[in-house]
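A quick write-up on the structure given underneath.
The values are calculated or read from the model by the stated rules, or taken from the named source; none is laboratory data. A quick note: this is a predicted structure, and the numbers were derived from the prediction, not measured. Cβ sites come from the backbone with ideal geometry, for glycine too, and all protein chains shown count toward neighbours.
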Amino acid sequence: MFHNPRYLTRGVQETIPPELQLLMWDALEAVPKPVNYFQVFRLSSLNGIQCIEHEQEQPPYKREYLLPAIENPITAKVYIIDNGDHSTMLLAEEY
């Protein structure tokens, strides 16, 4: 799962910096098997630190990443969905 062509929606391209996009794709590689087709990333800011909370519902998985010294931290909810043919990263409001 998630080892197929990867796509971004326009909202992700316009809102999420490329380095954060890459970090989220890489975070998928760290998820222990089995990996759910629906991944959730909550991006927030805490005193200038970029926080990324990554989780899946089944089987339960949750991990948090803290990135210091980010110039413009992002607040957004991002999904990565794998449909078997391709994977798409999209903003929650685009779902």
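Please state which one of Glu71, Glu94, Glu19, Glu53 is touching a helix residue (DSSP H, G or I) at 6+ places or on another chain (Cβ under 6 Å) and among the acidic types (Asp, Glu).
After ruling out the rest, the residue left standing is Glu94.
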Residues that are part of a strand (DSSP E or B), loosely packed, with under 11 Cβ neighbours inside 10 Å and out of contact with any Cys (no Cβ under 9 Å at 6 or more places or on another chain), drawn from segment 38-66: Leu46, Lys62
Search result, residues across segment 67-79 that are touching a strand residue (DSSP E or B) at 6+ places or on another chain (Cβ under 7 Å), more than 15 Å from Thr15 (Cα to Cα) and either touching a residue at least 60 places away in the same chain (Cβ under 8 Å) or exposed (fewer than 13 other Cβ atoms within 10 Å of the Cβ) (or both): Pro68
Pick from segment 21-37, criterion at pLDDT below 95 and in a helix (DSSP H, G or I), ranking: surrounded by the most Cβ atoms within 10 Å (Cβ to Cβ): Leu28
Residues that are in a strand (DSSP E or B) and modelled with pLDDT of 95 or more, drawn from segment 67-95: Ala76, Lys77, Val78, Tyr79, Ile80, Ile81, Asp82, Ser87, Thr88, Met89, Leu90, Leu91
